[in-house]
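Down below is the structure, laid out as structure tokens.
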């Protein structure tokens, strides 16, 4: 990614985090939903937003994608300097879960080595 798309992705992460906390009141989106990262296309027309959810992640992502139009509207209001605001697609960030799995495996290996 270029510097511009990285900068826009960072702003999208921060702004959507605030929008989810303050403006989206959907019971299918848990309070413990965290925006972890975003990928923006080179033409800035599309953004894939990754979220980490404590709870039912599939339902939360479906609700986020259903609310994508509203979130995009709020994003446009918050980021007035952008000519076009990207269309949003929400995805589950599995890196947190993957990290936990690796951590538990390493802990198990460490415990086995200390017992021998």
Across the stretch 50-66, what is the total count of residues that are over 14 Å from the mean Cα position of the chain (by Cα) and buried (at least 20 other Cβ atoms within 10 Å of the Cβ)? 0
Kindly list the number of the only condition in (1) modelled with pLDDT under 95; (2) under 19 Å from residue 97 (Cβ atoms) that fails for residue 61. (1)
Say whether the condition of being more than 17 Å from residue 16 (Cα to Cα), loosely packed, with under 15 Cβ neighbours inside 10 Å and within 14 Å of the chain's Cα centre (by Cα) is met by at least one residue in the stretch 75-90. no
Residues being loosely packed, with under 14 Cβ neighbours inside 10 Å and farther than 16 Å from residue 77 by Cβ: count how many of those fall in the stretch 1-25. 8
Test: residue in the stretch 28-41 that is touching a residue at least 60 places away in the same chain (Cβ under 8 Å), surrounded by 13 or more Cβ atoms within 10 Å (Cβ to Cβ) and either under 12 Å from residue 90 (Cβ atoms) or within 15 Å of the chain's Cα centre (by Cα) (or both): yes
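The values are calculated or read from the model by the stated rules, or taken from the named source; none is laboratory data. All values derive from a computational prediction rather than experimental measurement. Don't worry about glycine lacking a Cβ; one is built from the backbone with ideal geometry, like all the others, and counts go over all protein chains shown.
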